[in-house]
Structure formats: C-alpha cells, structure tokens
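What follows is a set of notes on a single structure, which appears directly below.
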Amino acid sequence: MLEARNISLSAGTKDLLINASFRIGDRDRVGLVGLNGTGKSTLLRFISETGSDHSATSNGQIIRSSETTIGYLPQEISFEGDLENTALHYVLQANKKLNELSVSIERMQKELEDPGQNHESRSYHRLIEKFSEASHEFERLGGYKMEADAEKVLIGLGFSQKGFRKKVREFSGGWQMRLLIAKLLLQKPTLLLLDEPTNHLDIDSLRWLENYMLGYEHSCIIVSHDRFFLDKITTRTLEINFKTIHEYKGNYSYYEKEKAQRFELMMSKYENDLKKMAHLKAFVDRFRYKATKAKQAQSRLRQMQKLEEELQAPEEDLSGISFSFPKAMHSGKVVLKLEHVSKSWEQPDGSRKDVLHDIDLEVLRGDRIAIVGSNGAGKTTFCRIVSKDLDYDGRVIHGHNVSLNYFAQHQTENLDLDKSVFQEMMDAAPDAESQRKVRDILGCFLFSGDNVEKKTSVLSGGEKSRLSLAKILLQASNLLIMDEPTNHLDMRSKEMLIDALENYEGTLMLVSHDRYFLDSLVNKVIEIKNGSLKVYLGSYGEYLEKAERTWEAERKQEAASQKKKAKVKKTSSINPQKPSRGGLNKAKAEKLEGKIHDLEKQKQEYETTMGLPDFYSLPEEETRKTVEQYHELCAEIDSLYEEWESTEP
C-alpha cells in the first residue's frame, strides 16, 4: 500500500529522522511512538502530503499504490471557511462527489418548484431529465444512506440531534476536532493517519471510536499517549528513536516488553565491547614499541579503532529517574464532606441548566478517586466546587488538618510570563530541599538544558501545562485534586507521574480520560451523570466492567424501543383488506436476531483475546489469522444488521 524510503526530516537545525524506511500494508494497524519532539507529528504530515510546515525540511520518497487514499487528523485544526456550515452538512462533505450531486439535486429541485417555470417548455423537460439522472446516480452511489451513516457517526462521537443543526463556529475546539474525525471516518480512506485522536473524547465516544476502528477495513497509523487505545487497536508498533525507525511486531504492551529485552541485549553487547576495547588498548600500550610484538600491536590498534567507530551506547535508561511529593501532616479521617450541593449555569436562551443537584458525599482519608462522566457532565465544575474555587449552593466542609492542592485545566493562567522556566519553579519551591529537586522535576517533564532558561511567555500551550504541573509537585498537601494532568505528557513522563502518585500518602481525586492512568491509581470511582453522583467501589477497570453491562442493557433497551416504534408505525399502515406477510417476516427477523446475538458474543470473545497483553507475542501468522477472522466476523454482523433492518415485521 505505502512504502517510505530513506526518509530524512529536520526541524530547523534539529535532525528528526535520517534515512529511515518502513512499509505499511493492507489492513495494517500501526502505533507510532517515541518521546515528545522526536518527530511523530512531522512524519504524519510528511506522509499525508498536506503539511505546509515551513519549519521542517524533508528528503526521501513516499511510494504508494494508485488505490491508496489518505485521511489525516492533525493535533491542531483550522476550519476557517467551514465555520458557517452546520455540523451535519460539514461531515456530509466527506464524499465530494455525493456532496456535489446533493447540492446539484437541491438546486434543480428549487428550479423545478419555481412558479415561474413553463411546464411545457423544452428546457423544463430537459431539467426533469437531468434531475432524474442525478437522483438515480445519487441513489446508486449510496447517497440516500449517506445522511443516516453521518448521523450514526456523529451520535457515536457524542453529538445530539440538536447538535446536528448547530454551526461549526458554535462548537469548542474539542468538538470541532470530533467533527473532523467524523468527516474522516465517513471518507473511509485506505490509510488513516490519526495524531492524538483521543485527546478530546470522553469515555463514551472513546469506546465508540475503539469499536469503530476495530471494524475498520483499511489501514491506519496512530499517534497516541493512551496506551489502552493503542493496545486495543494496533498490531504493529513503529518507534522513532535515535533519528531512525525501529519496528516491533505487536501492540504497545508487546513493544514495551520487547524494547526492554532489546535494551538488555544492547547494554550487554555495549559493556562487552567496552571490555574488549580496554583489553585491546592495554595490549597496544604494552607492546606498541616492542619490535617482536609491533605487528600484533598494530593489528590490535586497527581492531580497536574499528570497534570504536561502531560503538554506540544504547538509549539512555531513564527508569531510575523519579520524584516524590513533599510530605504533609496527616488529615483527619473525614477529608471532605458535601451536603446538598447544587450548581447551575445560565444557558444562551436565558434558562438555567443544573450541572449538580442536591449532592451529598463523604471522602475519607486514603481514598483515591476517579471523577468520570461525559463531556459537559460537570467534572471540572465538581473539582472547582470541592476546591472552593467556584460559588455553589449547599455546604462543602474540609476536614481537620486538610491542606489542599488543586491542578486545574486553567492553571497556566497563574504563570508569570516575565520569568524563566527555572525561576518560576524556584520561586514556587517552599524550602531548600524542594529547590534541590527543581532540575530533576523539570527533566521529568521534558525541560532540560537551555530549555529551562526560556521565558514562560514563549512556551507553547502544552509546555505551559507541563510547567504548571511541575510546580504543583513542589507543594506539600494531603488532598490532591488534579483535572486532566496527563493531557500534554508523553508515555515516559506519565509513568513517572504515576510512580509519584502511587507513593503519595494523601487523598487523591483525579479527572482524566486516560484509562491506564486511572486504572493504575484509583480504588473508587465517582460517576457524574444528569446532575447526580454514583459511587463505585474498586479499581477503574472494575468500574468499566460494571458500566459496560449497564451500557449494554441501555443499548438493548433502546434497540427494543426503536423496533417497537417501527412495528407500531408499519402495522398501522398495513391495508387490512390485504393478506399480511408479517408473520413470515417476523419469524425471519427473530431468526436474524438470534444469529446476530451469537455472532456478537463471538466478536466480544475475539476482542477480549486481542486485548490481552501477550496476544501479540504469539507467532505472527497466528495473530494475523485471528485479526482477519475478527474482521470477517464484523463484516458478517454488519451484513446481517442490514438484512434485519430491511425485514418488515
């Protein structure tokens, strides 16, 4: 499908890739990984051939088959001329030909309905012919199914029916990103390039996207810091490291284990080569000027020089770098209490929407809580109320000796733009011991060398967020509330933060869409939905299992409700004078439902198997066969659903 040959990329004076090569085949699911700044986004832009990033230069070839089409989701988007489109109209532009036909049909229909038209004229009859031809072509290409498909994708990504009619400019950047994802999915390119697609998705839309991608019949390359997402979707991993690309034949968990093994082998070879060089050097130094040994010494010298040229230290092992939170006094047993807490926001039409309604909650010392819910459910509002950063109705009581630290999404507003990164950290350090940790902590969050002397005013949004997070780690507290702390962290920084939080002795409350991050840390989950709180005891993974059963029950109930409505509608339209085939078709529908149910169970078993960390350590042929069988099963289920939908009750 696509082959990259001898690719070299650079940004300014910094080389990102030098003569790197790789191939992408049909139905390949590739995770692209590497530390921040190694060139992942630059490589995707280069492959897409859509980038106009003048700060990057490139050489090499991208060879692709004539059938290959590429869809690209960048991290940063710009809609510009599309801002006045409605959400539905924007995604319907996915298929250019169908969109043009739709516009043409709509224009001709208006002309045909014009009262001033002469219905007997030749031009009017010619217009009817053109309208008929366009309508037939529109139907042949699936145009009448296109809108239904677009609505399904939009609903899956969290849009409401009301949201279909909203203009693009009325949505936030995160929702605009979802619109771009929807449009790309409807285009169905043979190679989909996704750069951090999960950044603006809540748990519901993320689960939908995962399931969609599992059934996607073409190839994709994904850059993501969500390891759960990579583990579930990808079957190969490409890592950018040391300005080249290394391939691993498995998902992210497989890559991590395989990389650790490769590092051990490389380190062992490196150490042996150093010993060998030391022996060669000792021989040369001892016998270089001894006539009887001079020839042997010269031979050893050449060996040593060649070995020195080939000698390369393995990638620096950063597993030993860590940091810890300053210790604070213990709080009382009850850390936090909410009594009849409510909060509402005024809507554009002047009405008020309840975000939280009459909430009661008790948080105990040692609780490690995930705050979850769909976008707009009130997670950030809840955190701000608990931190007393927002007005509310009711009572919020902080317990005995509670010292609270709050990392907010708007934390970057508190940075002093006239200070350097290093000075900002030093001024936030409360004592000499904390000041000694400043450079280590900055290194953990990707600030090193000259970067620590940069003014905060020139930092990117992601850099400001990382600096704000680093400052939080200098403050002692026994109640820590963090709202999306991992948004701008790479895998390495995220692991270091997890290690630090695992050893944190206080009470934790975390908002994050990163499931691995939450599953590593929490023992309780609070779900915010429709203004209420529901508490689940156990890990985040256990919560997801319980929630999955609830979601499945809701899906079945909704499907049954829709089917019942359809039956009532169709039954009422049957002519009682004519014999009905309803009994036969009902039997057929029930038979199809049974088959779909059985295949859905098989599909779930496949997904469970493919989600296991050691799945991709199996022989490549075995994993490939399993993945192919899974995709065949998905296709069969889709076909049966279409047949079921066309069956009259």
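The values are calculated or read from the model by the stated rules, or taken from the named source; none is laboratory data. None of these values were measured; they are calculated from a predicted model. FYI the Cβ positions are ideal-geometry reconstructions off the backbone, even for glycines, and counts take in every protein chain you see.
Data overview
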| read-out | value |
| --- | --- |
| Qualifying position, being among the basic types (K, R), touching an Asp or Glu at 6+ places or on another chain (Cβ under 9 Å) and touching a residue at least 40 places away in the same chain (Cβ under 8 Å), among R515, R492 | R515 |
| Filter result for S468 (in a helix (DSSP H, G or I), over 17 Å from the mean Cα position of the chain (by Cα), within 30 Å of L364 (Cβ to Cβ) and among the hydroxyl-bearing types (S, T, Y)) | yes |
| Test result for N375, out of contact with any strand residue (DSSP E or B) (no Cβ under 7 Å at 6 or more places or on another chain) and farther than 30 Å from G449 by Cβ | yes |
| Any chance L417 is surrounded by fewer than 18 Cβ atoms within 10 Å (Cβ to Cβ) and in contact (Cβ under 8 Å) with a residue 60 or more places away in the chain | no |
| Single unsatisfied condition, L214 versus (1) among the aliphatic types (A, V, I, L, M); (2) within 26 Å of N19 (Cα to Cα); (3) under 25 Å from the mean Cα position of the chain (by Cα) | (2) |
| Any hit, the stretch 185-202, residues being aliphatic (A, V, I, L, M) and farther than 25 Å from R23 by Cβ | yes |
| From K243, K293, residue being on the phi > 0 side of the Ramachandran plot and either touching a residue at least 60 places away in the same chain (Cβ under 8 Å) or outside the structural domain of L497 (by TED's automatic domain parsing) (or both) | K243 |
| Residue in the stretch 28-46 that is aromatic (F, W, Y) and at pLDDT below 90 present | no |
| Residue in the stretch 156-164 that is more than 19 Å from K96 (Cα to Cα), assigned to a helix (DSSP H, G or I), at pLDDT below 90 and not small (G, A, S) present | yes |
| Failed item in (1) part of a strand (DSSP E or B); (2) surrounded by fewer than 18 Cβ atoms within 10 Å (Cβ to Cβ), with E151 passing the rest | (1) |
| Sole residue being surrounded by 16 or more Cβ atoms within 10 Å (Cβ to Cβ) and either among the charged types (D, E, K, R) or more than 21 Å from S512 (Cβ to Cβ) (or both), chosen from K379, K353 | K379 |
| Where a residue in the stretch 518-534 is free of Cβ contacts under 8 Å to residues at least 60 places away in the same chain and its partner, wherever it lies, is aliphatic (A, V, I, L, M), with Cβ under 7 Å and at least six apart | S520/I498 |
| Entirely in the stretch 479-556, the strands (runs of 3 or more DSSP E) that have 2 or more residues that are exposed (fewer than 15 other Cβ atoms within 10 Å of the Cβ) | 532-537 |
| Lone qualifier among A11, A20 - being buried (at least 19 other Cβ atoms within 10 Å of the Cβ) and aliphatic (A, V, I, L, M) | A20 |
| Hey, R365 touching a Ser or Thr at 6+ places or on another chain (Cβ under 6 Å), free of Cβ contacts under 8 Å to residues at least 24 places away in the same chain and more than 27 Å from R207 (Cα to Cα) or not | no |
| Residue within the stretch 443-453 that is in contact with a strand residue (DSSP E or B) (Cβ under 8 Å, 6 or more places away or on another chain) and surrounded by fewer than 17 Cβ atoms within 10 Å (Cβ to Cβ) present | yes |
